[in-house]
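K.L.:
Dropping the structure in here first, questions after.
Readers should treat all values here as calculations from the given coordinates under stated rules, not as data from a laboratory. Computed from a predicted model, the values in this text were never measured in an experiment. Here Cβ is always computed from backbone atoms with ideal geometry, including for glycine, and neighbour counts include all displayed protein chains.
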Ligand SMILES: Nc1ncnc2c1ncn2[C@@H]1O[C@H](COP(=O)(O)OP(=O)(O)OP(=O)(O)O)[C@@H](O)[C@H]1O
Ligand SMILES: [Mg+2]
């Protein structure tokens with residue numbers, strides 16, 4: 001087990017800069033998830049940590065050792081690849097023991113390790129098969145077993161679940177989390193699936209275009225996204241972004257919402273939610289999560305941040321526990337999460353309560369959060 | 001149940017059968033002439049099947065060609081093994097250990113394939129003389145190995161491109177180095193590549209004549225040269241060179257018969273499944 005520090009790391013391939021100054025620090029035993037859209041540099045960063053690519057500038061420390069110049073095999077890390085990368089010509093047993101043999105571990109110890117890992121991951125009966133004879137989930141398990149057998153300081157996972165079907169993906173997600181709780185090794189896990197990121201991580205680094213947009217705990221990332229990209233990327237369905245103009249109500253700021261069914265409403269934004277003085281008579285982007293626009297809230301009478309809006313339903317999407325109701329606010333489709341029994345039919349009007357106490361505001365030009 | 005044969009098919013098959021006959025005529029001619037006695041061979045009956053079979057042609061031919069046959073076997077097997085092994089190592093480097101300039105070097109390698117081999121005959125002769133290996137089999141083996149490297153490297157590079165890079169990375173993290181990865185992971189997956197490359201090389205080297213005659217002394221001549229000399233005299237007993245031709249042609253045919261299906265498969269399919 002070791003901590004991991006990535007300090008000001010950049011990486012260029014020729015003249016294209018793929019990573020532009022990455023700073024991430026995690027403690028020993030933490031589960032870090034790197035998440036971001038395709039091509040944002042997640043795998044590249046993972047390869048830099050593994051030592052499979054060379055760093056252009058900056059520093060990576062595993063424990064308190066700078067590993068920039070250390071070759072992959074001496075970094076004491078193990079990696080699980082997206083396509084598992086099991087050695088097709090070797091039995092599962094050999095796949096697991098290959099790394100140990102290369103490191104000249106005594107035969108008896110190898111045997112013990114293979115058996116321990118096989119028990120841990122329940123792959124005992126597969127040991128004498130070849131990778132081609134296994135199902136996707138079993139291969140996934142073997143790939144993890146191979147990594148665990150080496151007992152590394154840090155585990156690296158590159159989209160390990162993306163080749164599995166949806167059900168198996170959820171199962172393996174839980175299994176990896178269990179595994180982490182048992183062996184408690186530092187993990188860096190790459191995915192482009194934000195649900196995986198939220199459910200597994202101790203800390204999430206959200207990347208875009210080679211820059212870490214935000215590095216925080218899942219709850220913080222969800223509640224306090226630092227910009228519109230993060231806000232839109234994390235959470236499903238996505239946060240609603242409503243462009244609205246800021247008015248003055250008394251001496252407070254208010255945003256104007258128009259549902260098209262009544263006269264536009266001016267909703268006061270208390271200063272503890274957001275300081276909008278600088279934006280008066282300009283426009284801002286209001287960010288509200290779907291679950292904050294609902295049929296009703298238990299404390300709606302006492303809470304001054306909750307307002308009623310008369311809306312016309314354009315589409316409904318039942319998900320089972322909730323029904324997503326899509327309405328138009330300021331000429332923008334807005335998703336609301338409503339109890340199935342309360343949802344009106346498309347074309348009908350319904351009263352929705354909007355809770356602005358956790359609303360977030362963004363600058364329309366830069367996309368950055370307004371404090 | 002009878003399957004209907006459409007007129008198109010009928011024409012196609014007729015054409016194909018016609019082509020087969022055209023291709024097989026020389027083979028037929030060679031075989032029947034080889035089986036005749038010298039005095040039975042004349043233009044009038046040249047198409048006829050022999051009345052009495054003369055198996056002796058083959059032993060006669062073997063008496064003359066035996067040493068050449070041995071030379072060719074040694075030459076072809078050694079040069080094929082060496083050039084495919086080197087090609088495999090090159091392909092491994094060009095596909096999995098790319099370095100600055102490796103693409104350029106690979107392109108230069110490919111140039112080697114397009115150099116007509118007659119053109120390098122004289123320089124080759126001088127090089128072998130300078131190395132003091134002109135005239136014997138080792139010199140000819142060296143020439144064939146070097147000349148074969150571009151094509152075998154190309155075959156293996158393309159073949160290894162199908163091996164996921166993750167396998168190599170994974171083995172690197174497992175602590176394996178360049179040769180251990182080659183021996184334990186890449187080589188065991190290479191069978192289809194070796195089949196394709198070695199059939200190609202075997203055929204090329206076995207059938208080669210010009211270098212054989214120019215670069216070796218009489219005692220080291222390969223079978224193609226020996227055969228030419230057998231047919232080169234004035235009043236030829238045609239049964240003997242025909243028997244010799246069959247002997248010279250058979251190994252390549254046998255290689256295709258036994259490995260041909262792997263050859264086609266190796267050319268066509270992505271042979272590696274994870
Ligand atoms: N060897 C390379 N040479 C040149 N460019 C590269 C190389 N490897 C990656 N890139 C570029 O770097 C960028 C980041 O690639 P990377 O593989 O890290 O993305 P990723 O975030 O892992 O995406 P994905 O989710 O699709 O796996 C991409 O634009 C890619 O084209
Ligand atoms: Mg990737």
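K.L.:
Tell me the angle of helix A:107-121 to the major Cα principal axis of chain A, expressed in degrees between 0 and 90 and rounded to the nearest ten.
P.N.:
30
K.L.:
On a C-alpha basis, how far is the centre of segment A:73-88 from the centre of segment B:148-169 in Å? Whole number, if you could?
P.N.:
What the calculation gives is 21 Å, centre to centre.
K.L.:
For the protein assembly as shown, treating each Cα as an identical point scatterer without solvent, what Debye log10 I(q)/I(0) comes out at q = 0.05, 0.06, 0.08, 0.10 1/Å?
P.N.:
Summing over Cα pairs of the protein assembly as shown leads to -0.44, -0.58, -0.82, -1.02.
K.L.:
Please order B:159, B:111 by the number of other Cβ within 10 Å, starting at the fewest.
P.N.:
B:111, B:159
K.L.:
Mean separation of Cα pairs under 8 Å and 6+ residues apart, divided by the residue count of segment A:240-362: what relative contact order is that in percent?
P.N.:
Contact order relative to length: 31 percent.
K.L.:
Further, regarding this structure: Angle check, please: helix B:56-96 long axis (alpha carbons) against the longest principal axis of chain B (alpha carbons), in degrees 0 to 90, nearest 10.
P.N.:
Computed tilt is about 20 degrees.
K.L.:
Hey, got the average number of other protein chain Cβ atoms within 10 angstrom for residues in A:171-184?
P.N.:
Per residue, the number of nearby Cβ atoms from other chains is 0 on average.
K.L.:
Taking the convex hull of the alpha carbon atoms in segment A:4-233, what volume per residue do you get, in Å³?
P.N.:
Dividing the Cα hull volume of segment A:4-233 by its residues yields 126 Å³.
K.L.:
Mind checking B:183-190 for the average number of partner chain beta-carbons within 10 Å of each residue's beta-carbon?
P.N.:
3
K.L.:
Find the relative contact order for segment A:4-233 and round it to a whole percent, using C-alpha pairs within less than 8 Å whose residues are 6+ positions apart.
P.N.:
For segment A:4-233, the relative contact order is 29 percent.
K.L.:
Taking other Cβ within 10 Å of each residue's Cβ, how do A:312, B:169 sort, fewest first?
P.N.:
A:312, B:169
K.L.:
How far is helix B:137-160 tilted, in degrees, relative to the longest principal axis of the Cα atoms in chain B, given as a value from 0 to 90 rounded to the nearest 10?
P.N.:
60
K.L.:
Roughly how crowded by other chains is peptide B:158-171, in terms of the mean Cβ count from those chains within 10 Å of each of its Cβ atoms?
P.N.:
Across B:158-171, the average partner-chain Cβ count within 10 Å equals 4.
K.L.:
May I ask you to derive the FRET efficiency for residue A:64 and residue B:178 from their Cβ-Cβ distance with R0 = 41 Å, giving the value to the nearest 0.05?
P.N.:
Taking R0 as 41 Å, the efficiency between residue A:64 and residue B:178 is 0.85.
K.L.:
Of all DSSP beta bridges in the protein assembly as shown, what percent run antiparallel (nearest 5)?
P.N.:
75
K.L.:
I'd like the distance between the alpha-carbon centres of segment B:36-75 and segment A:294-357, rounded to an integer number of Å.
P.N.:
97
K.L.:
Something else now. Can you give me the relative contact order of segment A:1-137 as a percent, contacts being Cα pairs under 8 Å and 6 or more apart?
P.N.:
So the answer I get is 20 percent.
K.L.:
Here is a further query. Between segment B:174-237 and segment A:259-281, what's the alpha-carbon centroid distance in Å?
P.N.:
Rounded to whole Å, the Cα centres lie 84 Å apart.
K.L.:
With each run of n ≥ 4 DSSP H residues scored as -39500 (n - 2.57), what mean residue ellipticity at 222 nm is computed for the protein assembly as shown after dividing by its residue count and rounding to the nearest 500 deg cm²/dmol?
P.N.:
-14000 deg cm²/dmol
K.L.:
May I pose another question? If you take the Cα atoms of segment B:56-268, find Rg, then find the Kirkwood Rh from the mean of 1/r over all pairs, what is Rg/Rh?
P.N.:
Rounded to two decimals, Rg/Rh equals 1.05.
K.L.:
Next question. Test of understanding: ordering B:170, A:253, A:3 by Cβ neighbours within 10 Å, fewest first, what list do you get?
P.N.:
Arranged by neighbour count, lowest to highest, B:170, A:253, A:3 become A:3, A:253, B:170.
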